[in-house]
Amino acid sequence: MAKKKASDFTLMIATILLVFIGIIMVFSSSYPEAYYKLKDGYYFLKRQLMYSLLGVFVMIFFMNFDYWRLNKLSKLIYLGCIVLAFLIFTPLGTEYHGARRWINLGFTTFQPSEAIKLGSIIYFASYLTKKDRDIKNFKKGVIPSLIIIGFSCILILIQRDLSTSVTLGATLVAILFIAGIKLWQLFLMGAAGVAGIAAAIFSEKYRMERFIAFFDPFKYKDTVGWQVVQSLYALGSGGIFGLGLGKSRQKFFYIPEPYNDFIFSIIGEELGFVGCVTVIILFLLIIWRGIRIALNSRDLFACLLASGITSLITVQSLIHIAVVTSSAPTTGIPLPFVSYGGTALLVFMSAIGILLNISRYTELDRS
Amino acid sequence: MPSPTISTKKRLIAMLLIVSIFVLGLTIRLGYIQIVKGEELKKEALEQWTRDIPVKAKRGTIYDRKGKKLAISISTNTVWCRPADIENPKETAKIVANILEMDENEVLEKLTKKQSVVRVKMWIDKEKADALRKENLKGIEIVDDNKRYYPFGNFASYILGHTNIDQVGQYGVEKTYNKYLTGTPGRWIKTADAVGRQLPYENEKFYEPENGLNLVLTIDETIQHFAEKAALEALVKNKAKKVSIIVMEPKTGDILAMASKPDYDPNNPREPLNEKLKEEWAKLPVNEQIKKWYDMWRNFPINDSYEPGSTFKIITAAAGLEEGVVTPTSQFYCDGFITSVEGARLKCWRYYNPHGSETFVEGVQNSCNEVFVAVGQRLGKENMLKYIKGFGFGEKTGIDLTGEQSGIIPRSADSMREVNLATISYGQGIAVTPIQLITAISAVANGGKLMEPRIVKELIDQDGNIIEKFKPEVRRKVISEETSKTLLKILETVVSTGTGKKAYVPGYRVGGKTGTAQKVINGRYADGKYIASFVAIAPVNDPKIAVLAVIDEPSNGEYYGGRIAAPVAGQVVKETLSYLDVEPQFTEEEKEKFNEKNVVVPDVRNKTLREAGRILLRLGLDYNTETLNVEKDSVVIDQFPLPGTKVNKDSLVELYVKTKRKESNEIVVPNLTGKSRQEVIKILNKLNLRFNFKGEGKAVSQTPKPGTKVDFNALVKVEFDRIDQ
């Protein structure tokens, strides 16, 4: 193998900056809830800090963990993910807010769906690398790929988590696109995907309500439109420069769990449009560097893995911002690196570690 | 290991482009929300963060002209709730209902309403407020509030009016001056989180309410008391439907008193004062109740017009004197019948005993219709109408009270027939409001200036600074000083020697005129229903007051203004003048009489009614018991005036006795034919029957017929052989 280079510095800085913003914003937005409900205003800050620190170590670990080993380990990783998915249905599974999505490890909880996302990307990238020549072949390439995508999504869907499932599905399809699937097949899949999502929406009453509320959230302000309206209020009252760090009003129980699926609206309220654009630019930087790494990677596995990770970050951050700005129906997607959540943070930091590792083996930078 | 192809790289760049477009789109959307729609959203957000609690301004006090408080605002507490903030509605409702002595379900209903704030109970006392505060219930707020309070109850209620539950004036000066009395409410703005806790940011604001201005009325509380007392007495004594008394200062047009009985208590404007009525009303359907309320709130002196009768002759006399068609010494002859008017048989009220030859002054003293018809004819329709209009009849006086009527006068001189001119000359065929009449009479008294009746003197602020002063306003000059003086002198003789004798007040020079008119109901003269009135001006050498007493539908036998209304006006004049420190000028003869007339009321409490009556009669006092079912051995439990009070001889002492209700209320109507008026009164009073007389002399017919069984307090109509006007 070639000589190791320095990893992508821009990517690392952008990531660390986002994590840093995340720590501050999680602290600011979680304080009221932590203070009134848990009697400890620093509860979420402490955990986020701890996981961020751990995340940095994990990132550094994967930065130095040669990525082709992941190719070899991919099957094992995927198997691990399947086991994790089913652990939820054992007594270890814990319920929170009516959803059974966590595994209780005693000292902390773990969210398998986060790990499944990365595990599936690694396995799929490895699978497509192996089936490189069959990708244009419908029977040999596309059908098995679809089975893998479907299965991965089902692993998350059984936890009744449609939005994460859609995120993963979109990410895996993006990998398939990069891998060279025929475009008409892609469009067919896209159509099927939309139909599937539509079916999912129509089959659940609360999804249907949210979907209807999306077209006129203010009409449903007191019911299903509440969160979106509150999010818009937060963004609106932030204006260009924001109310100032820590001065959000909407975090005081107007927006439920503001440190999670709606953290971007609190950023908008406290730091204004300027703060929001800063965060968007940081994400754009990560996406740009990720794609650049994929472009310059020297083997297909690295390329697909890098595009997969980048896609995941892209899809998830875009959906989060879209929901918060009422550009998409309300759904619970945390903002990568920024939202509160230990498992998510560790998984994303690992992913960035992997990207950084790949970047060390890219061909010479032409610029 | 395979390496990425060119196609892969192309697709990667395509992906970057697509993502960039998405990101750009979202950024634009974000900018639209934060910058373009920012202000709008911020406003809405602000609305949900802020809890804006209105702080009521204190409604201004209403004072009489001497600074006595007639209507005040007192601080109380009102309980509100925020249904969204209530954690356990059932339990909260139980506690709240318990403290406020309310129905639990009713409270629960309020606590679970889909409203941001709901009023639970208004005006609770301090103890309850404290008890509720102690409970510290979430979502329940106790706010300082004001309540309108009229310390004297049913006193001057038609002038003051009343407010509704939100302290908005509905009637009287409370309504006409509502704008000034209300003030500007303040606000208490605090920011709160979604659970109702206050936010830790320092942006709480308190805007002080601006209290309402105070009103100083022209009413004098003491004079108003005289008027109210006199009106009530007249109401009871004459079993009248209504009695109104207005006292005006002629020079300014200031209303010193305006009383109407029966009245209501503005503290409880929807409850009649009479217990019996209260029960009756409670059974009525709501719309009927509302009708009754409106009737109760009607301010007769301003809202109703009546046929003034002879009191209007003052206007005819003023016009005649001013136009020079008559002088005090002009000669007239009354033969009982007015033959000069075509197509009508008019007669003088004393046609059966005509006045014969008389001067104009005597004609006024006698209230002789023939004289006034002659004056009217000499004036002619044009001139008569000119003065009717000149004195303000047919138009509103502009008094600052609600619902003023303008009365009914001929539309034009052309529309007047000869007979109209003749009857209007003595006050019939025209409708005036009491306020119009007193204002016109005041113009006669003050040298000819028609004033705008004034009820509010000035507006003052909390520190007593005058904000706005309402000056007396002269509407126009109607007659000359000279005419005024001449007429006053004539009117004085009406009281000293004529039909107004009963209004005579020893030591004071009082001028006045009686009036008796049959009531017009639905355009026709109503049988046996009269309005007796009297206007007085005193003292005539320098008029300080003009008094109008109007007794509507007296039903105790007497109905002549000279007999029943004159003493009422006289009493008010006397009390008011001595209160105003107008020095009485007694003649020697009067002084002697006065001392003789004064009697100290004895203590007759705890005596039987028979004993009490004997004692009072011996002293030359009259007595009266309010209830009708009394027996001679009933015990007097209280009396009014109280023992030791100095009163005139012939004064009425009210006795309150314990009563035993009769088992049966059935009364057999006796035969009254051939009996004299006095006898009939005696018999019917004994039987506790009400009566209504027509004519004088011996009884000739009666309804119901003798032997009919009637209820206690039923009405018996008796006609006598001499029917006159």
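What follows is calculated from the coordinates using simple rules that are stated; it is not laboratory data. Only a predicted model underlies this, so the values are computations on that prediction, with no experimental measurement involved. No Cβ is skipped: glycine too gets one built from the backbone with ideal geometry, and neighbour counts run over all protein chains shown.
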Q) B:Glu91 versus A:Ile82, label points 7 Å from Cα toward the beta carbon: distance in nm? A) 5.2 nm
Q) With axes computed from alpha carbons, what is the tilt in degrees of helix B:677-686 against the longest principal axis of chain B, rounded to the nearest 10 within 0 to 90? A) 40 degrees
Q: Would you list, by chain and number, the lysines whose Cα falls below 16 Å from the Cα of B:Lys138, excluding same-chain residues fewer than 8 positions away?
A: B:Lys90, B:Lys94, B:Lys110, B:Lys113
**Q.** Cα centre as origin, Lys/Arg/Asp/Glu Cβ charges: chain A dipole, Debye
**A.** 920 debye
Q: Enumerate the aspartates and glutamates that A:Lys182 could reach by cross-link, defined here as Cα to Cα under 15 Å, with residues fewer than 8 away along the same chain left out.
A: A:Asp132, A:Asp134
Q: Obtain the nm distance between the two label points defined at A:Arg160 and B:Asp638 by a simple spin-label model: each point lies 7 Å from its Cα along the Cα-to-C-beta direction.
A: 7.5 nm
Q: Name the residue farthest towards the positive end of the dipole of the protein assembly as shown from the options A:Cys153, B:Val79, B:Val573, assuming +1 on Cβ of Lys and Arg, -1 on Cβ of Asp and Glu, about the Cα centre.
A: A:Cys153
Q: Using only atoms on other chains, find how many Cβ atoms lie within 10 Å of each Cβ of peptide A:174-181 and report the average.
A: 4
Q | Label-point separation in nm, B:Ser3 to B:Lys291, each point 7 Å along Cα→Cβ | A | 10.5 nm
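Multiply the residue separation of A:Thr223 and A:Leu92 by 0.36 nm, subtract the distance between their alpha-carbon atoms, and state the gained length in nm to one decimal. Each step should come with its number before you reach the end.
Working: separation 131, 0.36 × 131 = 47.16 nm, distance 3.35 nm.
Gain in length upon complete extension: 43.8 nm.
Let's see if you can work this out: charge +1 on each Lys and Arg Cβ, -1 on each Asp and Glu Cβ, no other charges. What is the dipole magnitude of region B:302-582 about its Cα centre, in debye to the nearest 20?
Values: 31 positive and 31 negative charges, 85 e Å.
Taking the Cα centre of region B:302-582 as origin, the dipole is about 400 debye.
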Q) Dipole of chain B, Cα-centred, from +1 at each Lys and Arg C-beta and -1 at each Asp and Glu C-beta, to the nearest 20 debye? A) 1420 debye
Q | 28 Å Cα-Cα threshold exceeded, pairs from B:Lys574/B:Lys717; B:Lys237/B:Lys457; B:Lys242/B:Lys278 | A | B:Lys574/B:Lys717; B:Lys237/B:Lys457
Q | Calculated FRET efficiency for the pair B:Lys241/B:Asn105, C-beta based, R₀ 35 Å, to 0.05 | A | 0.20
Q: Compute the FRET efficiency between B:Glu275 and A:Phe241 as 1/(1 + (r/R0)^6), taking r as their Cβ-Cβ distance and R0 = 51 Å, and round to the nearest 0.05.
A: 0.10
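Return a whole-number percent for the relative contact order of chain B, with Cα pairs under 8 Å and 6 or more residues apart as the contact set. Could the numbers behind the result be given before it?
Working: 1540 pairs, mean separation 73.5, N = 725.
The normalised contact order for chain B reaches 10 percent.
Per residue of the protein assembly as shown, what 222 nm ellipticity follows from adding -39500 (n - 2.57) for every DSSP H run with n ≥ 4, rounded to the nearest 500? All intermediate terms of the calculation are to be shown ahead of the outcome.
Working: 34 runs with 490 residues, N = 1092.
My calculation for the protein assembly as shown gives -14500 deg cm²/dmol from helical runs alone.
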Q. Looking at B:Thr339, B:Ile564, B:Leu17, which one has the Cα that reaches farthest to the positive end of the dipole of chain B (charges on Cβ: Lys, Arg +1; Asp, Glu -1)?
A. B:Leu17
Q) To the nearest 0.05, what FRET efficiency results for B:Glu679 and B:Arg610 with a Förster distance of 22 Å applied to their C-beta separation? A) 0.50
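Please list, by residue number, every one of the chymotrypsin sites (Phe, Trp or Tyr not before Pro) in region A:144-185 that is coil in DSSP and has at most 12 other beta-carbon atoms within 10 Å.
On the way: sites: A:Phe151, A:Phe177, A:Trp184; in loops: none.
Listed in order of number, the matching sites amount to none.
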Q | Listed pairs B:Lys121/B:Lys190; B:Lys471/B:Lys513; B:Lys179/B:Lys469 exceeding 18 Å between Cα atoms | A | B:Lys121/B:Lys190; B:Lys471/B:Lys513
Q: Quick one: of B:Lys682/B:Lys705; B:Lys682/B:Lys709; A:Lys247/B:Lys114; A:Lys247/B:Lys205; B:Lys239/B:Lys519; B:Lys175/B:Lys519, which pairs are farther than 22 Å apart, Cα to Cα?
A: A:Lys247/B:Lys114; B:Lys175/B:Lys519
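For region A:36-154, what relative contact order do you get, as a whole percent, if you take Cα pairs closer than 8 Å and at least 6 residues apart? Before the final figure, lay out the partial values.
Details: 72 pairs, mean separation 21.3, N = 119.
Answer for region A:36-154 is 18 percent.
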(Q) Let me confirm the definition first: pairs of Lys residues in region A:50-157, 8 or more apart or on different chains, C-alpha distance under 13 Å. How many are there? (A) 5
